[in-house]
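Accompanying notes for the structure given below.
The values are calculated or read from the model by the stated rules, or taken from the named source; none is laboratory data. In this text, all values refer to a predicted model and were calculated from it rather than measured experimentally. Methodologically, a virtual Cβ is constructed for each residue, glycine included, from the backbone with ideal geometry; neighbour enumeration extends over all protein chains shown. Side chains are part of the model used for accessible areas, which takes the heavy atoms of the whole protein and leaves out ligands, DNA and RNA. Shrake-Rupley method; radii C 1.70, N 1.55, O 1.52, S 1.80 Å.
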Amino acid sequence: MDPVDNEEHIGMIRERMDPIDNEERMKMIRECVAACDPLGVKKLILEDKLRDESLNWQLLSLLGPAVNEENFNSCPGFVEVCERCMKYLVTVGNPDELVYALLEQADSFDDHVRFQTFLGLTKICILRSPAKRLFLLELSLVTFSDCVAKLEIEGGETEEEVRAAEIDPVTEMAEHAVSAYLDFMATFVELDWKVEVIKETDQEQEHKILVKFLLKVLEHPLSQLDLGVRENHIGMKVKSTARILAEKVMALLKKLNKDLFGLLRDSVSHNDKLSLKLKLRRGDPGLGDELDKQSELGLSCMAYLLLAEDVAEFSLPPLMPWNGIYELCVSFFALMLAKKETAVRRKGVHLFSKLLQTQDGHVLIPYEDLDRPEYYRILGSLFDIMTHCSARDLRQKCVCLVAPFINLFDAKARYQMFIKMFGTLTHSGAVGFCVQLFKDQVDKSFNLGDQRLKAGDLRLKAGDLRLKAALSKYFSGLNLKRIFLLITKLEDKAATDLVEHSDRIISVLNLIRYLALRDPPQTNMSGFWDFIPAIEKDFLKLLYEGLDLTKGHYRLELSALQKGNQSQGAGEEVVDMCVSVAGFTLPPMARGQKVAILQQALRTLDLITGLVVRVEEILAQQRKTMTSLQ
């Protein structure tokens, strides 16, 4: 509407402001709202002291949509008057009824101005109805929590992206909304119950409700944001807005329950009981069972803030051992590491790393506890991050966590974990990494065996059973053979693309070389020499054949590219020839780049060839030595 026409319209409305009936008054209020006329709305509602309760619901439904960010930016005075009128209505009207009128519009809380306004109005209604406060508070928190859960967050993978996300307008708006929401809950957290004539059971129930919805804030959006403390360029500690909000959540939780670790433990126990109840019902949830569960991601984030970030001062139970804390947090690791959001995974890795650093070195989890599914999920998530996560620092941290995690278990459990990994992992680099870890376990077993023999001062001869008994049975004999059957298997025999599987093959060759030197045939503590003929036949011989085939393939590809590279500058020509390396067809790229990739593949094959030759030499030399001793 043209500004001149708008002023004339407002003037016409004001001329009609004589004593009027309700129908005419509502018509005029609608016209004033449509014209964004603050004086007209103020006159008809505030100055006339409108007290007809039958109109309150209609008025809130009319004024509510006008309170939004767009109107606030263009007509701040009008929005302020609308807020004052709505506050007047909820102050003089029936609070039990008007709460519903406010929450009815919850699906349109799409900006921070509207969200904060309705939070304040709802709080007035709830405080005016002490008898129904518990019910109205829970109803309101359910509604507002859904609004918070819908907030969009711009996350980041690398540290630079995380820093950029912190100043993103979308993230800043979400943080403003969360801050207002926490202020709303803080009113009820800090309420003095002593002056209220309320049942003690109602107080306990209200505290449980507040804890539940505070944990939901940790679930989203705070778990998606960086909650750590970092140093700026001058060495000062810097906290992000999200970190400050997280500290506020923890402070409110501590006011509700002074024993934060106890709250964490009790919440996990509560969820476990509900899950068991659901399982006994064969998946048929009882009324409210799912709603009664505490947010598992929220609890995980709370554990991260307590144990990794030291956000709130708390004391662990005096007799709580390290493995007790670890067992409590296993489900948190499994949940956070399995998430796809890098920010959540980063928290899981940080918490996992922090607890492993505090491990006393003597805790061994028995094989019987390995049936807990979270252990394998943690292992799988670590490898998934190592092979697929785009954040390099996170990949490197996970590489450093796998070995300490495996070492938490006893020998039987560690062996079973290797069987699981070699049976499920498909990424060549991951399998090669696991072979190296297995080699370390075998070496540790040999060293322990040496210590036992030395301590016993045993003068043993080759072939003595006590000599073999000194080595762990889980890393020798048939168990060792079982591992080799898994790691030396070539799916396509000699036709296997050895470049694609080069990481695994190189690691396996190094393991064979290690065992041949560390455990010569005259001792054969590991039983390695009992099945080496099968390895030579089904692995080393096939490698020789496969190397010839694979080298021929790559030399042919390289020759085809080099023949086409005759014209000047052709090295930079983008070619779209079908060139396959390690099972993948190379995308269109400069001819020189494809040549470099094929040359690197041939160098890898030369490395494997050298290792195979060296392994064969060692095996022959050890057999010769054994023959000479006989």
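Just a few scattered comments:
- Extreme residue, nearest to residue 101 (Cα to Cα), among residues of region 28-42 that are of a type in the set (D, E, K, R) and open to solvent by less than 50 Å² (accessible area, probe 1.4 Å): 31
- Qualifying residue in region 319-338 (condition: of a type in the set (Val, Ile, Thr) and part of a helix (DSSP H, G or I)): yes
- Residue check, residue 550 at pLDDT 80 or above and among the β-branched types (Val, Ile, Thr): yes
- Count of region 145-165 residues which are closer than 17 Å to residue 297 by Cα and assigned to a helix (DSSP H, G or I): 4
- Within region 381-415, the set of residues being outside any helix (DSSP H, G or I), in contact with an Asp or Glu (Cβ under 9 Å, 6 or more places away or on another chain) and open to solvent by 10 Å² or more (accessible area, probe 1.4 Å) comprises 389, 390.
- Condition met for residue 491 (outside any helix (DSSP H, G or I), free of Cβ contacts under 8 Å to residues at least 12 places away in the same chain, of a type outside the set (Gly, Ala, Ser) and open to solvent by 50 Å² or more (accessible area, probe 1.4 Å)): yes
- Taking helices (runs of 4 or more DSSP H) as the structural unit, those lying wholly within region 11-130 and holding at least 1 residues that are closer than 23 Å to residue 186 by Cα and under 45 Å from the mean Cα position of the chain (by Cα) correspond to 76-92, 95-103, 112-127.
- Only one of 581, 613 that is at pLDDT below 90 and under 25 Å from residue 428 (Cα atoms): 581
- Pairs, first closer than 12 Å to residue 543 by Cα in region 606-619, second open to solvent by 50 Å² or more (accessible area, probe 1.4 Å) and at pLDDT below 95, C-beta under 8 Å, six or more apart: 612/544
- Members of region 212-225 that are open to solvent by 10 Å² or more (accessible area, probe 1.4 Å), within 21 Å of residue 340 (Cβ to Cβ) and either touching a Ser or Thr at 6+ places or on another chain (Cβ under 6 Å) or modelled with pLDDT of 95 or more (or both): 216, 219
- Failed criterion for residue 305 (all others in (1) of a type outside the set (D, E, K, R); (2) over 21 Å from residue 272 (Cβ atoms); (3) outside any helix (DSSP H, G or I) hold): (3)
- In region 528-552, the residues that are farther than 23 Å from residue 446 by Cβ form Cβ pairs under 6 Å with partners that are β-branched (Val, Ile, Thr) and part of a helix (DSSP H, G or I), at six or more places apart or across chains, as follows: 543/612; 547/609.
- Residue count for region 43-70, restricted to those that are in contact with a Gly (Cβ under 6 Å, 6 or more places away or on another chain) and surrounded by 18 or more Cβ atoms within 10 Å (Cβ to Cβ): 1
- Scanning region 416-430 for residues that are open to solvent by 10 Å² or more (accessible area, probe 1.4 Å) and under 23 Å from residue 373 (Cα atoms) yields 416, 419, 420, 422, 423, 424, 425, 426, 427.
- Single residue of 142, 170 found to be in contact with a helix residue (DSSP H, G or I) (Cβ under 9 Å, 6 or more places away or on another chain), in a helix (DSSP H, G or I) and among the hydrophobic types (A, V, I, L, M, F, W, C): 142
- Residues in region 517-536 that are in a helix (DSSP H, G or I) and under 43 Å from the mean Cα position of the chain (by Cα) were compared, and the one that is farthest from residue 482 (Cα to Cα) is 518.
- Hey, residue 212 in a helix (DSSP H, G or I) and in contact (Cβ under 8 Å) with a residue 24 or more places away in the chain or not: yes
- Criterion (out of contact with any Phe, Trp or Tyr (no Cβ under 8 Å at 6 or more places or on another chain), hydroxyl-bearing (Ser, Thr, Tyr) and within 24 Å of residue 248 (Cα to Cα)) met by exactly one of 387, 342: 342
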